[in-house]
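The values are calculated or read from the model by the stated rules, or taken from the named source; none is laboratory data. In this text, all values refer to a predicted model and were calculated from it rather than measured experimentally. Please note: Cβ atoms are built from the backbone with ideal geometry, for glycine as well, and neighbour counts cover all protein chains shown.
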Amino acid sequence: MLGGYRITGRRAAEISASVEAAVGSGELAPGQLLPPMRELAVELGVNPNTVAAAYRILRERGVIETAGRRGSRVRPRPATTGREYVRVDVPEGVRDVADGNPDPALLPPLAGVFAAAAEEADRHPVLYGDEPVDPALARIARAELDADGVPDGPLAVSSGSLDAIERVLAAHLKPGDTVAVEDPGWGSVLDLIPALGLRVAPVGVDDDGPLPDDVRRALDAGARALIVTDRAQNPTGAAVSAPRARVLRSVLREHPDTLLIEDDHGHAIVDQPLHPLAGTTRHWAFTRSAAKAYGPDLRLAVLTGDAVTLDRVRGRQRLGPGWVSRIVQRALVRLWSEGAVDAKAVAAAYGRRRDLLIDALAARGIEARGRSGMNVWIPVPDETGAVARLLHAGWAVAPGARFRMGARPGIRVTVSTLTEGETVALADAVAAAARPVPGRGGV
């Protein structure tokens, strides 16, 4: 069952450490089935309760997952596994439309703003005890949030949206609590939640955002938190519409104790207006990342929310990293104030690339979705086969398994660098790959 690896240990901590070390080194691969608890207990000469405790530790640490009678296995992206073990290698000569990155040509140059921010830091160094949020950044961010109808609240700066989401979840929830998330949805969130010892409740999503009936069912069943992507939803490109936002607010008012987290990572790259849900529940958080519009390596997102949530987040942040570099914050201030990104032009560029591909696929009888952002989601009957056939045809796409739980199989195509000349060839390849092979059942 485990190949050549042998789990060792007499105590729960030792057994869990043995498994975790093997996962981290790659000796136990993602998806590897672990021995049944009683079987492993006999092999190690320990009480089955000891193995059960070890497996519980591994679940809480995000290393394994348990599916009832189907047993326990290493998670597809376990928290202890290096990214090199789970990434998809793109062979030489294959066009990569799987990576989810923005178009580098649409990102602003950074050298000048960082030089200016560093010079300012030389004149006015940031020292221990200084404010963690740059005042100019706070003013600009707050003005933009006000313009978009996000309720007033304290501000914090995190190392990207995922860092903000993790800190907000940790501020309110405990292991075993359930979080309602979009399905299909951002794979990193789907990995983060079990890594925190939390449970996932999938919520369907269409072009207008999360399905209200699914949200209601999840909250009625006891989900304590809901995560919503406002625009450029990954992987489907959904954007919460005004009518959908009204219905979702109504559902949330029925569950005022729900922790609501909104992710607006698509800010400055979309042409869809924001319809925030923030403020509908007692505890809420709204995060806005600079990654897609200004560069992923900035690692910066602005976070606001209710006073209790932000106080907990900022207090825990002070005990850990302390703050996000004020030099990076000042550089972003200059990018914002100088209008370094033409949001309308960027949104239009991504929109043209999405529409060209969606229209080309439609002409070939293939359904595809992509209302906003830089990705197109294509439902397919045989996900594994479609990915393999596309790779053989010279195209690397992202398998939908990264993004979905109970949703239909699909593939994600990132159009950010897709040229008009490539679109027809890709559409032909997808059309050929997406149709079931005769004699084989779909997934």
Q: Confirm whether A98 is among the aliphatic types (A, V, I, L, M), at pLDDT 90 or above and within 28 Å of the chain's Cα centre (by Cα).
A: yes
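Results for (1) at pLDDT 95 or above; (2) in contact with a helix residue (DSSP H, G or I) (Cβ under 7 Å, 6 or more places away or on another chain); (3) in a helix (DSSP H, G or I), shown as yes or no for each residue.
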position: S188; (1), (2), (3): no, yes, yes
position: L192; (1), (2), (3): no, yes, yes
position: G197; (1), (2), (3): no, yes, no
position: L226; (1), (2), (3): yes, yes, no
position: A238; (1), (2), (3): yes, no, no
Q.
Being without any contact (Cβ under 8 Å) to a residue 60 or more places away in the chain and either touching a helix residue (DSSP H, G or I) at 6+ places or on another chain (Cβ under 7 Å) or in the same structural domain as L162 (by TED's automatic domain parsing) (or both) is true for just one of R334, R314, R246, R288. Which residue is that?
A. R246
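Sort through L211, L173, L226, L196 and tell me the only one that's over 27 Å from W377 (Cα atoms), among the hydrophobic types (A, V, I, L, M, F, W, C) and touching a strand residue (DSSP E or B) at 6+ places or on another chain (Cβ under 8 Å).
L173
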Q: Any residue in segment 264-284 that's within 15 Å of S416 (Cβ to Cβ): show its pairings with residues that are part of a loop (DSSP other than H, G, I, E, B) at Cβ separation under 6 Å, as long as the two are six or more apart or on different chains.
A: G266/R231; G266/A232; G266/G373; A268/V341; V270/R231; V270/A232; V270/S372
Q) In segment 30-63, what count of residues is obtained for those that are loosely packed, with under 14 Cβ neighbours inside 10 Å, assigned to a loop (DSSP other than H, G, I, E, B) and at pLDDT 90 or above? A) 2
Q | Count - residues of segment 410-433 that are crowded, with 22+ Cβ neighbours inside 10 Å and touching an Asp or Glu at 6+ places or on another chain (Cβ under 8 Å) | A | 4
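Being out of contact with any strand residue (DSSP E or B) (no Cβ under 8 Å at 6 or more places or on another chain), surrounded by fewer than 19 Cβ atoms within 10 Å (Cβ to Cβ) and over 16 Å from L106 (Cα atoms) is the requirement here; does R352 meet it? I'd like the intermediate steps shown before the answer.
On the way: out of contact with any strand residue (DSSP E or B) (no Cβ under 8 Å at 6 or more places or on another chain): yes; surrounded by fewer than 19 Cβ atoms within 10 Å (Cβ to Cβ): yes; over 16 Å from L106 (Cα atoms): no.
No.
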Q: Provide a single number: the residues in segment 19-29 that are at pLDDT below 90 and under 17 Å from I57 (Cβ atoms).
A: 6
Q: Please verify whether segment 141-159 includes one or more residues that are within 17 Å of the chain's Cα centre (by Cα), closer than 18 Å to V302 by Cα and at pLDDT 95 or above.
A: yes
Q: Working only within segment 8-29, note down all residues that are buried (at least 19 other Cβ atoms within 10 Å of the Cβ) and either part of a helix (DSSP H, G or I) or at positive phi (or both).
A: A12, I15, S16, V19, E20, A22, V23
Q.
For segment 378-410, give me each residue that is within 26 Å of H267 (Cβ to Cβ) and not in a loop (DSSP other than H, G, I, E, B).
A. I378, A398, G400, R402, G410
(Q) Filter segment 333-348 down to the residues that are over 23 Å from the mean Cα position of the chain (by Cα) and assigned to a helix (DSSP H, G or I) and list them by number. (A) V333, R334, L335, W336, S337, K344, A345, A348
Q | Selected residue (only one of R408, R402 is in contact with a helix residue (DSSP H, G or I) (Cβ under 6 Å, 6 or more places away or on another chain) and charged (D, E, K, R)) | A | R402
Q: Can you tell me which residue within segment 405-424, out of those that are in contact (Cβ under 8 Å) with a residue 40 or more places away in the chain and of a type in the set (A, V, I, L, M, F, W, C), is nearest to K292 (Cα to Cα)?
A: V415
Q) So is V324 in contact with a strand residue (DSSP E or B) (Cβ under 6 Å, 6 or more places away or on another chain), within 30 Å of V157 (Cα to Cα) and not in a strand (DSSP E or B) or not? A) yes
Q) Hey, does segment 301-308 have a residue that's small (G, A, S), assigned by TED's automatic domain parsing to the domain that holds P243, part of a helix (DSSP H, G or I) and free of Cβ contacts under 8 Å to residues at least 12 places away in the same chain? A) no
Q) Do we have any residue at all in segment 121-129 that's at pLDDT below 95, in contact with a Phe, Trp or Tyr (Cβ under 6 Å, 6 or more places away or on another chain), surrounded by fewer than 23 Cβ atoms within 10 Å (Cβ to Cβ) and not aromatic (F, W, Y)? A) no
Q: Output the residues belonging to segment 358-377 that are hydrophobic (A, V, I, L, M, F, W, C), more than 23 Å from D230 (Cβ to Cβ) and not in a loop (DSSP other than H, G, I, E, B).
A: A360, L361, A362, A363
